[in-house]
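The values are calculated or read from the model by the stated rules, or taken from the named source; none is laboratory data. Here the structure is a predicted model, which is why all the values come from computation and not from measurement. Neighbour counts are summed over all protein chains in view; Cβ atoms, including those assigned to glycine, are modelled from backbone coordinates with ideal geometry. What goes into the accessible areas is simple: the full protein's heavy atoms, side chains included, and nothing from ligands, DNA or RNA. Shrake-Rupley method; radii C 1.70, N 1.55, O 1.52, S 1.80 Å.
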Amino acid sequence: MEALKQELKAKIIEALNLEDISIEDINDNDPLFGEGLGLDSIDALELIVLLDKVYGIRLADPKQGKAIFESVETMAKYIEEHRTK
Amino acid sequence: MKKCYINGMGCVSAQDTYETSFLESVVINTTENIIYAIQPSYKELIPPAAARRMAKGVKMGLAASTKALKEANVEVPDAIITGTGMGCIEDSEKFLRALLDNNEEYLTPTNFIQSTHNTVGGQIALGLGCKGYNFTYVNGAISFESALLDAKLQLENEEENSILVGAADETSSHTMELFKLINIIKKESDQPYSVLGSNSTGVIYSEGATFVALENIHKDSSYAVLEALQIQNELKVEEVESFITAFLNKNNLKLEDIDAVVFGNNGDVTFDTYYSEASSLFNQIPQIYYKHLSGEFNTASAFGFWVAASIIKSQIIPQSIKMNAIEKNTFSKVLLYNQYQGKDQSLVLLSKC
């Protein structure tokens, strides 16, 4: 789980081009949207694509996104339970 | 009819034109067939959250436009008009590559959103909160001149009072490779590269952004007046002389009324003959060239515009851009002539305020 969280942080930084942020700057429970990393709706689309491309997870219900993308912790937990690759 | 004053300018180019005064230090390239723009520090200009999605062309455009508006003391212009030849080609490449690499799946929105030609003008407007007329011209090597013409007509007719006009183009790796394959870019074997006296085809490619704040009132910051401009799709070499003289006649001027002429020579031996033809008309006045400093790209002529306006304001021609040894004490009227491969011909006339 710890390795997955580190990997996920690196992929988020790369996918969203967070130039001045390193893995160490992101805490597992920091909110990804609003405060914390301050991501927006375009980033949400990027994260949905990332889940599909890297972990083979297709979000059938967009409403699930709010809970899944709350933090790196919640994302990693969801990925571990639902990944197909 | 009101006049069209150039009240502020900003230029990001392969030279240090953003931070320093008018060409006080230049580097003349003879060994690279692609030269890249010197990037300003964007941290003070663009919020990090916005900058992370912006390609180089957008950032250069934002920096140049910020400087132009600051010089002219304009907070929000009435309109924004941009010229670009290839637009945000870097994001276009990323988006298309993702289409191929991922078998048309997993397409992310950011590169697509940023890949349109009007991204530069759009991002400037968003940053300024400018909800006025916003238009982008994509007309090859007369993209900038098309934007200028639109702005000039609107200002002279008082449809708008202040317009931010500019141009931006960026290089991108795949497109540059294609340009090398089809000999748009000079070969390594053509070194040492030189714009004047070149005997090879192709050009030194580059990138950059130049923005100008145009207004229909004179200010202390005014550089020059945009008097007239003309664009023409195509000309034969033997038609250059009549193209120029007809333009001057139309503006009630004679050849001897022009104090300096700025040519767009780019070192392509096949097409610099257009400038040779034009230069014979102006052998009594200083002749200027600039693409040995800026490189060639669709909107490199905006760098030439920046050079011409700076000459009128400073009344000095820097040594690095002189084509001949003729000296003149005052520069009241400066003519720019540019073309690319015989097409996209343009004449722009600037005068002292």
Counting each DSSP H run of 4 or more residues in the protein assembly as shown as -39500 (n - 2.57), what helix-only mean residue ellipticity at 222 nm follows after dividing by all residues, to the nearest 500 deg cm²/dmol? -10500 deg cm²/dmol
Suppose each label sits 7 Å from its Cα in the direction of the beta carbon; what would the residue A:61-residue A:3 distance come out to in nanometres? 3.2
For the modelled label position 7 Å from the Cα of residue A:83 along Cα-to-Cβ, which residues of segment A:53-76 have backbone nitrogen atoms closer than 12 Å? A:54-57, A:76
Compute the projected area of the convex hull of the Cα atoms of segment B:228-351, averaged over all viewing directions, and report it in nm² to one decimal place. 6.7
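Under a 1.4 Å probe, what is the accessible area of the protein assembly as shown per residue, stated in Å²?
Values: 19330 Å² over 438 residues.
About 44 Å² of surface per residue is accessible.
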Calculated over segment B:5-215: convex hull of Cα atoms, volume per residue (Å³): 140
In nanometres, the difference between 0.36 nm per residue of separation and the alpha-carbon distance of residue B:252 and residue B:31 is 75.2 nm
Note down the accessible area of residue B:227, probe 1.4 Å, to the nearest 10 Å². 60
On each of the three principal axes of the Cα atoms of segment B:131-245, give max minus min coordinate, whole Å, ordered largest first. 52, 37, 28
Starting from the Cα of residue B:187, draw a straight line to each of the aspartates and glutamates and keep only those under 14 Å, dropping any in the same chain fewer than 8 residues away. B:32, B:177, B:268
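Can you pull the percent of segment B:5-215's accessible area that's carbon plus sulfur, 1.4 Å probe, other chains left in place? Intermediate values should be presented prior to the final figure.
Numbers: 4760 of 8910 Å².
The nonpolar share, carbon plus sulfur, comes to 53 percent.
Rounded if a/c is under 1.5, else prolate if a/b is larger than b/c, else oblate: which is segment B:41-89, with a ≥ b ≥ c the root eigenvalues of its Cα gyration tensor? Display every interim value, and only then the final one.
Numbers: a/c = 2.16, a/b = 1.18, b/c = 1.84.
Oblate shape, in that a/c is at least 1.5 and b/c is the bigger or equal ratio.
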Residues in segment B:108-129 occluded by at least 40 Å² - accessible area, probe radius 1.4 Å, against chain by itself: B:108, B:109
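Starting from the alpha-carbon convex hull of chain B, give the projected area averaged over all orientations, in nm².
Details: hull surface 69.6 nm².
Answer in nm², one decimal: 17.4.
Rounded to the nearest 100 Å², what is the buried accessible area between B and A, both sides summed, probe 1.4 Å? Each step should come with its number before you reach the end.
On the way: alone 15160 and 5350 Å², together 19330 Å².
Answer for the B-A pair: about 1200 Å² buried.
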Report the extension gain between residue B:138 and residue B:52 in nm, rounded to one decimal, defined as 0.36 nm multiplied by the number of residues separating them, less their alpha carbon distance. 28.4 nm
Find the percent of Cα-Cα distances in segment B:1-75 that exceed 18 Å, and round it to a whole number. 50
Net charge (Lys, Arg +1; Asp, Glu -1) of residues whose beta-carbon lies under 9 Å from that of residue B:286, residue B:286 excluded, is 0
Mind grabbing the accessible area of residue B:292 for me, 1.4 Å probe, Å², rounded to tens? 20
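Taking every DSSP beta bridge that has both residues in the protein assembly as shown, what percent is antiparallel when rounded to the nearest 5?
On the way: 33 of 54 bridges.
Rounded to the nearest five, the antiparallel share is 60 percent.
Mind listing which GluC sites (Glu not before Pro) in segment A:1-82 are in a DSSP loop and have 12 or fewer other Cβ atoms within 10 Å? Please report the intermediate quantities before stating the final value.
Numbers: sites: A:2, A:7, A:14, A:19, A:24, A:35, A:46, A:70, A:73, A:80, A:81; in loops: A:19, A:35, A:70.
The qualifying sites are A:19, A:35.
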Using a 1.4 Å probe on the heavy atoms of the protein chains only, list every residue of segment B:40-62 that has 50 Å² or more less accessible area in the complete assembly than in its chain alone. B:52, B:53
Under the 7 Å Cα-to-Cβ spin-label approximation, residue B:283 and residue B:314 lie apart by a distance in nanometres of 3.0
Rounded to the nearest 10 Å², what accessible area does residue A:69 have for a 1.4 Å probe in the complete protein model? 10
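Which order do the peptides B:274-284, B:75-85, A:56-66 come out in when sorted by mean C-beta neighbours inside 10 angstrom, highest first?
Values: B:274-284: 17.3, B:75-85: 23.8, A:56-66: 11.4.
Descending packing order for the listed peptides: B:75-85, B:274-284, A:56-66.
Strictly over 28 Å apart at the Cα level, which of A:66/B:56; A:11/B:59; B:186/B:254; B:43/B:131 would you flag in this model?
Details: A:66/B:56 33 Å; A:11/B:59 24 Å; B:186/B:254 37 Å; B:43/B:131 25 Å.
Too far apart for the 28 Å limit: A:66/B:56; B:186/B:254.
Find out how many positive minus negative residues lie around residue B:185, taking Lys and Arg as positive, Asp and Glu as negative, among other residues whose Cβ is under 11 Å from that of residue B:185. Intermediate values should be presented prior to the final figure.
Values: positive: B:180, B:186, B:187; negative: B:32, B:177, B:188, B:190, B:268, B:296.
Around residue B:185, the charge tally is -3.
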